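Reviewing the structure listed below.
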Amino acid sequence: MHLSGSRPGGVSPNMAHYLGELYRLGGHRQYVSPSALAAELDVSPPAVARMGGRLSERGLVDRKRYRGVRLTGRGEREALREIRYHRMSEAFLVNVLKYGWHEAHEMADALAEIADEGLISRMEQAAGHPTRCPHGEPIPAADGSIAELHDFPLTDLQVGDRGIISRVRIRETQRLEYLAREGLFPQTRFRVEGKGPFGGPVRIGLERGEVVLGAEIAGQIFIEADPEDPGSHSR
């Protein structure tokens with residue numbers, strides 16, 4: 001699956017954005033409900049239905065009643081291209097131009113709309129050939145391959161468990177700014193110091209001190225076992 005070159009005719013930036021969100025929600029050709037896609041894109045269900053029709057006409061998605069929409073092989077290639085362009089743009093903005101990770105998302109959307117593989121390759125080189133975006137999500141390679149992650153939500157851990165932040169699945173600016181102030185970036189090591197019952201807050205210990213996270217935010221922080229800690233939580 002090779003992604004080099006600009007987007008083929010007939011696939012607009014808006015279509016590519018829809019395809020990218022479908023991949024993020026459904027992964028490798030899994031069905032996604034129109035309501036879930038509408039919520040993620042912050043658009044109306046009728047708008048999703050109209051776009052679904054256009055994507056289906058171009059052979060980019062399959063639609064089934066009561067099951068939803070999923071990517072075809074061609075649709076998956078276009079989705080991975082959009083994700084590569086977006087995440088590499090984020091890495092370039094943060095690693096090279098020194099934007100904050102809370103600033104990069106919308107600007108990366110704009111860059112991804114005008115980029116081709118030549119520009120993205122130059123960004124990749126300038127950014128130091130990153131394999132993940134600033135939020136920890138894997139960046140697809142130019143050949144269409146993408147790393148498979150085996151992480152899980154912070155809320156799955158118990159008191160005393162240790163781990164490393166793998167990725168932060170949060171887009172809201174204020175929340176990202178808060179996490180940055182507390183030093184909660186991907187690759188940060190921590191220990192769970194306390195956990196409230198019935199979905200209560202999680203208290204984690206870092207080198208710089210302790211941080212208390214609400215369950216909603218903690219559920220959007222994904223972690224990996226710490227390879228340097230033989231007693232860490234694993235799956």
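Which is in contact with a Phe, Trp or Tyr (Cβ under 7 Å, 6 or more places away or on another chain) and within 15 Å of HIS17 (Cα to Cα), of LEU71, LEU93, LEU60, LEU111?
Step by step, each of LEU71, LEU93, LEU60, LEU111 is checked, and only LEU71 is in contact with a Phe, Trp or Tyr (Cβ under 7 Å, 6 or more places away or on another chain) and within 15 Å of HIS17 (Cα to Cα).
Quick one: would you say ARG167 is in contact with a Cys (Cβ under 9 Å, 6 or more places away or on another chain) and surrounded by 18 or more Cβ atoms within 10 Å (Cβ to Cβ)?
When the stated conditions are applied, ARG167 passes them.
Each value in this text was obtained by applying a stated rule to the coordinates, not by laboratory testing. Since the model is a prediction, treat every value here as computed from it, not as a measurement. Every residue, glycine as well, gets a Cβ built from its backbone with ideal geometry; the counts of neighbours run over all protein chains shown.
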